[in-house]
1. Among residues other than residue B:157 whose Cβ falls under 11 Å from its Cβ, what is the net charge (Lys/Arg +1, Asp/Glu -1)?
2. Here is the link list: B:452/B:694; B:278/B:646; B:324/B:532; A:118/B:563; B:327/B:690. Which ones come out longer than 31 Å on Cα distance?
3. For the range B:628-712, which trypsin sites (Lys or Arg not before Pro) are in a loop by DSSP, counting at most 16 other Cβ atoms within 10 Å?
4. Hey, which lysines would be in cross-link range of residue A:5, C-alpha to C-alpha under 30 Å, not counting anything within fewer than 8 residues on its own chain?
5. In nanometres, what is the gap between the two model label sites at residue B:317 and residue B:694, each 7 Å from Cα along Cα-to-Cβ?
6. Can you tell me what share of the DSSP beta bridges in the protein assembly as shown is antiparallel? A percent to the nearest 5 is fine.
7. Within 10 Å of each Cβ of A:86-92, how many other protein chain Cβ atoms are there on average?
8. Under 1.5 on a/c is rounded, so check that first for the range A:85-149, then, if it is not, pick prolate when a/b is larger than b/c and oblate when it is not; a ≥ b ≥ c are the square roots of the alpha carbon gyration tensor eigenvalues.
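No lab work stands behind these numbers, since they all come straight from the coordinates. Note that this is a predicted model, so its numbers are computed, not measured. Here the Cβ positions follow ideal geometry from the backbone for every residue, glycine too, while neighbour counts run over all protein chains shown.
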Amino acid sequence: MATYKLQINGRTYQTEAEPDTPLLWVLRDNLGLVGTKYGCGISACGACTVHVNGQAIRSCTYPVAAVGTSKVTTIEGLSAKGDHPVQQAWDEVDVAQCGYCQAGQIMTAAAFLKTNPKPSAEEIENAMHGNICRCGAYHRIKEAVKLASTKI
Amino acid sequence: MASTTSRRDFLKMTATVGGGLLLGFHWLEAEAEASVFNAALSGTGAEFNSYLSISSDNVITIFSPNPELGQNIMTSFPMIVAEELEADWTKVKVLQAPLDTKRFERQVTGGSGAVPHSWKRLRTAGATAKQMLVQAAAKRWNVSDTECKAEMGVVTHLASGRKLSYGELAADAAALPAPQDVKLKDRKDFKLIGKIVKNVENHNIHTGKPLYGLDYSKPGMLFAMIQRPLAFGKKLKSVDSTAAKSMPGIVDVVKFKNNVAVVGKSTWQVMKARKALKLEYEDDRAIESSADHDRIFSELMDGDKATVRRKDGDVNAAFQSAAKVIKAEYQCPFLPHNPMEPMNFFAHVREDGVELVGPSQTPGSARAETAKLLGIPEDKITLELTRLGGGFGRRLMTDYVVEAAELSSIIKAPVKVIWSREDDMAGGYYRPAVRYRFEAALDDKGNMIGYKLRGVGINAGNPTRENNFPSGAVDNLLIESVDHRSPISTAPFRAPITNFLAFAEQAFLDEVAQAAGKDPVQFRLDLLQRAKSNPVGAIRYNPDRMIGVINLAAEKSGWGQKKDVAQGFSVYFSHASYVAQVAEVEMKNKKPSVKKIYAATDCGEVINLSGARQQVLGGIVDGLGHAMYSYLTFKDGAAEQNNFHKYRLIRMKEVPEIEAHFVDNGIEPTGLGEPSLPPTGGAVANAIFKATGKRIRNQPFINDEVFKVKSV
Ligand code: FES
Ligand code: FES
């Protein structure tokens, strides 16, 4: 066990974990930030996507020991009121079915739009291709990313 | 008088109105003060006990009793109540109700049956409440209730313009006897039903609120994972848990049945310790591989034992007199359901009762099974429903609930049992694998005079739908099935059976139409005319509704009029609804690529246009993805694919454009969570044939040679 001071959503959290513990489980089990989801545990679905220093990463394979002083943003901290342009677009397009994958989709889209604020349809598809939605909400995810790009 | 209307009378009256539905307000008791605030909203922790309540400050709380797994029931059920209630939708709060069989009926998500089952009840619930609010207002103004109108949560006296809000009237209205035979709205006056209404849980989903079973926790709760046998047909021989037990955070390792549960303080610690278990298994039942299944399919297909499901006329004579006989076999693999949220459930078995929390499509059976296992009465068990991160039929099973309860009873502690993706994919339940043999006899004019189907399944039960189309349209018909009992467990999968039967049948009918020299759409329409005017035997479908969607899909897609794209047609009846689809395929790098799918759906009244479109699109993506890419094979009883790196689910780039159209006929709603899935595989296979001249008869399509062509 080691003690970690983590910068998450603009706050400092102190917690104990074994160094190899994936950030996902530290967020969920230690800190109660359960918006970040477990889907596969092997970086293959995108449900666990969070931002580390603004970059989208798969927290299910990202050991807590690697976080250091990096700034972590989870779905809970993407915006104070849930009104980040991507969250707004997701609501307007009414994307979610079961909703389980959507935190990961939103975090992937938000990081992507920061690097590419006016993407083409093809760029959106490439950026979102790694995130599985078992409910098949892909059309609306695509539409919402497009809409969000007009709000950023 | 008014204040003495007892709760029991109220229930009795509403029962007759709602056919057993416990509508009504949350009348705490007659002496309750004007505020009839819902408990959950006020946070006092009182019980849920009805469909709807109204607070003195106009908040209308509607409880959604059915499990929500993405079919959007938490939005569409309350919409139906609010429509008749004339509520202001912006003031409606929706809450998930716990399992309560005394107050709600059919708290099940499955069979696309929720809206059809509850449509009248929910409308009556809303209309009755509205009528009581109007009466309360009329009484206060000393006017006749026919002079008053309810709209947007306010009752207005039309002549004087006086107004009272529902909140101001709620307590009075409560004391009135519930009226009988309330009038329901004319559909032309609907303000919510049929419109686009956004998911009531959007904000919670978009901000990562704890909604799902896996998110649930409570103080003192332990985490557990269970090592189940790694192959079907094996049983646990021995376990050495010494190393696992000594690992950090591990509280206990317990063995029950064929399971070894590792219990600890966090998910990761449990996951790691589990790898340190030393396990030995031995053969218990047949150990089967996919190669065995292929052999079994062939044997049973040609064997002389089969259950006759339907027999019309004289098939042997028809086939003997036929000018042409068409025969083909189709096969579909096992599939895991793979809801994005893996299985999980929380259980706390105490001396005085049991607490269960989690995602279930059938909370009633989960509780009944738990009661049976623990040997306690059901009323000692509470079951709280979380949102479900998908279900697809997997969560109709109760294994993962009962297992959590069993573990909690052994360790005497509150525990959440979590399945890894690997547990879920390799040790769960599957869509059964099936092989079909179809045979059709044509006379010299190309009329189908004989039709035979034999379905052979692995734990598939009856893999046919013997009273569906084309039964009723063919004079001589034989439908049979054979089932192989296997240790590999199977379960209903979204659109059970029809999710692959429809593909096989609709692709085969395309072959028959081709052999008959007929246009595939006209071929089906001719058969349906026969089924309509002079049906052979009993049929379950309505030929007119099927003709309706066929015509709509043909019209919207410009069927037969496009030169630059290959179109394929399919139509299917399931869950009392009708869906026709046209798929369009283009060649890209010498390989077929699905560009667009048109869907025409007749599900009667559409409740929520946004949710309805989602169900159609989702079902098509589900049907297309699984037909194209997904399969699970077995080697020595063990699944060979256990996570998304080996098992392919459809992703964004593989999804074609989809156009969803609905027949606007105002018929009572029929199912919508499933019916759009079955036709997709057939439409796509038929379009691929048009594009390549090659019939694909096995799923997944991606394993067919048309996709193995080297691109340029
Ligand atoms: S859970 Fe991390 S990518 Fe699937
Ligand atoms: S909305 Fe259910 S998995 Fe994406």
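1. Details: positive: B:140, B:149, B:162, B:163; negative: B:145, B:147.
Neighbour charge sum, excluding residue B:157 itself: +2.
2. Working: B:452/B:694 23 Å; B:278/B:646 26 Å; B:324/B:532 25 Å; A:118/B:563 35 Å; B:327/B:690 19 Å.
With Cα atoms farther than 31 Å apart: A:118/B:563.
3. Details: sites: B:635, B:646, B:648, B:651, B:653, B:690, B:694, B:695, B:697, B:708, B:710; in loops: B:646, B:648, B:651, B:694, B:695, B:697, B:708, B:710.
Taking the range B:628-712 and a limit of 16 other Cβ atoms within 10 Å, the loop trypsin sites (Lys or Arg not before Pro) found are B:646, B:694, B:708, B:710.
4. Correct list for residue A:5: A:37, A:71, A:81, A:114, B:209, B:218, B:245, B:265, B:272, B:275, B:416.
5. Going by the 7 Å Cα→Cβ label model, 4.3 nm.
6. Around 75 percent of the beta bridges assigned by DSSP in the protein assembly as shown are antiparallel ones.
7. Numbers: counts 1, 5, 1, 1, 4, 6, 2.
Averaged over the peptide's residues, the number is 3.
8. On the way: a/c = 1.64, a/b = 1.35, b/c = 1.22.
Judged from the Cα gyration tensor, the range A:85-149 comes out prolate (a/c at least 1.5, a/b above b/c).
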